[in-house]
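Worksheet for the structure shown next.
The values are calculated or read from the model by the stated rules, or taken from the named source; none is laboratory data. Quick caveat: nothing in here was measured; it's all calculated off a predicted structure. Methodologically, a virtual Cβ is constructed for each residue, glycine included, from the backbone with ideal geometry; neighbour enumeration extends over all protein chains shown.
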Amino acid sequence: PTTIVDELGIALANLADAATGTFTPTLRLGVTGLSRAGKTIFITALIHNLLTGGRLPGFSPMADGRFIGAQLAEYPDATIPRFAYEQHLAALTGQTPTWPESTRRISQLRLVLKYQSANWLAGWRGPATLNLDIVDYPGEWLLDLPLLSLSFAEWSREALERANRTASSREATPFLEILASIDPQKPGTDTDAEKLAASFTRYLRQSREDNAMSTLPPGRFLLPGDLEGSPALTFAPLPPATQPVRSTSLYAMLEGRYEAYKAQVVRPFFKDHFARLDRQVVLVDTLRALNSGPAAVADLETALTAVLSCFRQGDSNSLTRLVSRRIDRILFAATKADHVHHTSHDRLEAILNRLVANASRRARFAGAETRSLALAGIRATREGSLLEAGEVLPTIVGTPMPGEVLDGTSYDGNTEIALFPGDLPEHPDSLFEDSTPVSLNFLRFVPPQKLDRNAGGDMVLPHIRFDRALDFLIGDKLA
Ligand code: GDP
C-alpha cells in the first residue's frame with residue numbers, strides 16, 4: 001500500500017519534472033508511415049547524424065556553425081519501449097552491414113540538442129537546449145481513427161461489404177466460409193472467436209501482401225505491437241443480428257471485444273501519443289507502388305487518404321478535434337530516393353505531391369505547414385552512366401539483396417551492378433489517368449558496405465536530402 005509519504009514523493013517528483021519542462025522546451029516529433037516505408041532507417045539516420053554531427057550542409061543550425069551537439073537522454077515515460085537505436089546502428093555498421101529490423105510497435109527516444117541561438121539576446125545567456133522526443137509508430141494504427149465513431153454493427157457492415165467485393169474474393173473467401181459456418185446467436189466461445197479472428201486477420205494481411213498496398217483496419221490486426229494474441233484483438237465482423245441479441249451469444253461477445261478494442265487500444269493511442277505530437281513526418285514508399293503498377297498506386301492513395309484524415313484540422317468533427325490540435329508542420333517524404341538517379345528526384349517529389357494532394361482535398365491541413373521531399377535516410381547506391389545505342393543513360397550502381405531477380409538473373413548479394421532504373425513520368429496525373437504502367441527497375445539493395453569516418457572517428461551515413469528534411473522539421477526550433 002502506498003503511504004502518504006510515497007504519494008507526496010511522487011507528487012514532488014512530478015512537480016520537479018514539470019518545472020524542468022518549463023525550462024527546457026520539448027519538441028515531440030512523430031515518425032510514421034505504412035509498414036516498410038522506411039521509419040526505422042529514417043530515425044536511425046536522424047539520431048546518428050545529430051549525435052555525430054553528420055554531413056548536413058542543408059541543416060541551417062549546422063551550416064551556420066551554431067549546432068553544438070546532441071546527447072541521448074532518459075525518456076521521461078518509462079512505460080513506453082525505447083527506440084532500439086544502438087541495435088539498429090550495430091546492424092548497419094557491423095562487419096557485414098545489414099538492414100535492421102523494421103518498426104512493429106510504438107517506441108520513443110529523447111535527444112537533448114545544444115545550440116547557440118542566432119538571436120543575440122537569447123544567445124547572450126549562453127547555449128540553449130531543446131529536448132527532441134522522437135515517437136516512432138506504425139501508420140497502420142492511424143487507420144483506426146474512424147472506428148471510434150462506428151458501432152460494431154456499422155463497422156461489420158462496412159467490413160463485410162469490402163470482403164464481398166470481387167476484388168478481394170481470393171483473399172476473403174476462407175474467412176467468409178468460416179463466417180457462414182458459424183451461427184452468431186449460439187453461445188459465444190473463445191474457440192469460435194479465435195477461429196474467426198484468425199481467418200479475418202489472415203484475410204487483411206493477405207490483401208496487403210497480394211495487392212501491394214491495400215491496407216484495411218483494424219490497424220492492430222496488421223501490426224499488433226505488444227497485443228499479439230490478446231482478447232482485445234480476438235474479434236471479427238459479423239452479419240447483422242436478425243433477432244434480439246442474447247448477452248451470452250457469440251455476437252455479444254465479439255461486440256464487447258470490438259468496443260474494448262476502441263476504448264482500451266485505439267482511444268488511448270490517439271489521446272496519449274498522437275494528440276501530443278508537435279510535428280510529424282509521414283514516410284511513403286512511393287517507388288514500390290509505382291513499380292507494382294497503377295492498381296498499387298491507387299491503393300496507396302486510398303491508404304494515405306485514410307491515414308492523413310487523422311491530420312485534418314479545423315472542422316467540426318469531434319474525433320479529429322480530439323487528435324490534431326497541435327501539429328504545426330507535416331513533412332511528406334518519398335523514401336528510398338537512392339533507387340532512382342538524382343535527375344528523377346524532382347519527378348518523384350511531384351508524384352508524392354500528387355498522391356497527398358488528393359488526400360488533402362478531403363483532409364485540409366489547415367494551420368499546418370506541409371512539404372513534400374524525396375529523400376534517402378541511408379543511401380545504398382552510387383550514380384553512374386551507361387552508353388546504350390548511342391544514348392547516355394543515367395544509372396545507379398549498387399549490390400542487389402540476395403534473392404532479388406531482374407530479367408531472369410537472380411542475385412547473390414555480392415554482385416555490384418549498374419542499373420538504369422527507368423524514367424518516372426513527367427506528369428504525375430498520367431499515373432492515375434491511363435493505365436500504362438511505369439516500367440521501373442526497382443530492386444532492393446544491400447546497405448552501404450564501406451562507410452567513411454569523420455574527423456572524430458565516427459562512421460558517416462550517406463544520405464540524400466536528409467539535411468533538408470531535418471531543416472524543415474527542427475531547424476526553426478534551433479534558431
Ligand atoms: P519501417 O520501419 O517498417 O517503416 O521500414 P524500415 O525503415 O525498416 O525500411 C524497410 C526497408 O526499406 C529496409 O530494410 C531497407 O531495405 C529499405 N530502406 C529503407 N530506407 C531506405 C533508404 O534510404 N535507402 C534504401 N536503399 N533502402 C531503404
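Tell me, yes or no, whether region 379-400 has at least one residue that is modelled with pLDDT of 90 or more and within 22 Å of VAL281 (Cβ to Cβ). Yes, some residue in region 379-400 is modelled with pLDDT of 90 or more and within 22 Å of VAL281 (Cβ to Cβ).
You will find that of PHE420, PHE472, PHE445, PHE432, the residue that is closer than 30 Å to ASP278 by Cβ and of a type in the set (Phe, Trp, Tyr) is PHE472 and no other.
Listed here are the residues, each with its yes/no results for (1) within 16 Å of the ligand (Cβ to nearest atom); (2) in a loop (DSSP other than H, G, I, E, B).
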{"position": "THR370", "(1), (2)": "no, no"}
{"position": "ALA380", "(1), (2)": "yes, yes"}
{"position": "THR395", "(1), (2)": "yes, no"}
{"position": "HIS427", "(1), (2)": "no, yes"}
{"position": "SER430", "(1), (2)": "no, no"}
{"position": "LEU443", "(1), (2)": "yes, yes"}
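I'd like to know if region 453-476 contains one or more residues that are more than 16 Å from the ligand (Cβ to nearest atom), under 30 Å from ALA90 (Cα atoms), assigned by TED's automatic domain parsing to the domain that holds GLU86 and β-branched (Val, Ile, Thr). Yes - at least one qualifying residue is present in region 453-476. Scanning region 186-245 for residues that are among the small types (Gly, Ala, Ser) and in a helix (DSSP H, G or I) gives ALA193, ALA197, ALA198, SER199, SER207, GLY219, GLY225, ALA232.
Does LEU406 fit the bill of being of a type outside the set (Lys, Arg), buried (at least 16 other Cβ atoms within 10 Å of the Cβ) and not assigned by TED's automatic domain parsing to the domain that holds PRO127? It would help to see each step written out before you state the result.
Numbers: of a type outside the set (Lys, Arg): yes; buried (at least 16 other Cβ atoms within 10 Å of the Cβ): no; not assigned by TED's automatic domain parsing to the domain that holds PRO127: yes.
No; evaluated as a whole, the condition is false for this residue.
One line per residue, one yes/no per condition, for (1) basic (Lys, Arg); (2) under 28 Å from ALA296 (Cα atoms); (3) modelled with pLDDT of 95 or more:
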position: LEU431; (1), (2), (3): no, yes, no
position: SER435; (1), (2), (3): no, yes, no
position: ASP452; (1), (2), (3): no, no, no
position: HIS463; (1), (2), (3): no, yes, yes
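Among the residues of region 324-344 satisfying the criterion of being within 16 Å of the ligand (Cβ to nearest atom) and assigned to a strand (DSSP E or B), which is nearest to THR399 (Cα to Cα)? Only one residue fits best here, namely ALA334. Taking region 138-150 as the range and being within 13 Å of the ligand (Cβ to nearest atom) and either in a strand (DSSP E or B) or more than 14 Å from PRO268 (Cα to Cα) (or both) as the test, the residues that pass are PRO138, GLY139, GLU140. Does region 70-88 contain any residue that is more than 15 Å from the ligand (Cβ to nearest atom), under 23 Å from the mean Cα position of the chain (by Cα) and among the β-branched types (Val, Ile, Thr)? Yes, that holds for at least one residue. Can you tell me which residue in region 101-133 is nearest to the ligand (Cβ to nearest atom), limited to those that are closer than 23 Å to MET459 by Cα and buried (at least 18 other Cβ atoms within 10 Å of the Cβ)? The selected residue is LEU109. Of everything in region 276-303 that's more than 14 Å from the ligand (Cβ to nearest atom) and assigned to a loop (DSSP other than H, G, I, E, B), which residue is nearest to ARG36 (Cα to Cα)? My answer is GLY293. Quick check on region 173-185. Is at least one of its residues in contact (Cβ under 8 Å) with a residue 40 or more places away in the chain, in a helix (DSSP H, G or I), of a type outside the set (Asp, Glu) and surrounded by fewer than 21 Cβ atoms within 10 Å (Cβ to Cβ)? The answer is yes, given that some residue of region 173-185 is in contact (Cβ under 8 Å) with a residue 40 or more places away in the chain, in a helix (DSSP H, G or I), of a type outside the set (Asp, Glu) and surrounded by fewer than 21 Cβ atoms within 10 Å (Cβ to Cβ). Residue pairs whose Cβ atoms lie under 7 Å apart, sitting 6 or more positions apart in sequence or on different chains, and linking a residue in region 24-46 that is at positive phi to a partner that is surrounded by fewer than 24 Cβ atoms within 10 Å (Cβ to Cβ), are ARG36/SER102; ARG36/ASP285; GLY38/ASP285.
Suppose we keep only residues that are among the charged types (D, E, K, R) and not in a helix (DSSP H, G or I) within region 71-96. Which one would you say is farthest from PRO268 (Cα to Cα)?
Looking only at region 71-96, we keep the residues that are among the charged types (D, E, K, R), and these are 74, 77, 82, 86.
Subsequent filtering for residues that are not in a helix (DSSP H, G or I) retains 74, 77, 82.
Numbers: GLU74: 23, ASP77: 15, ARG82: 18 Å.
Among those that are among the charged types (D, E, K, R) and not in a helix (DSSP H, G or I), it is GLU74.
Within region 207-265, being small (Gly, Ala, Ser), touching a Leu at 6+ places or on another chain (Cβ under 8 Å) and at pLDDT 90 or above holds for GLY219, ALA236. Within region 393-405, residues that are more than 15 Å from THR381 (Cα to Cα) and of a type outside the set (Ser, Thr, Tyr) sit with their Cβ atoms under 6 Å from residues that are within 12 Å of the ligand (Cβ to nearest atom) and not in a strand (DSSP E or B), at 6+ positions apart or across chains, in these pairs: GLU404/LEU443; GLU404/ARG444.
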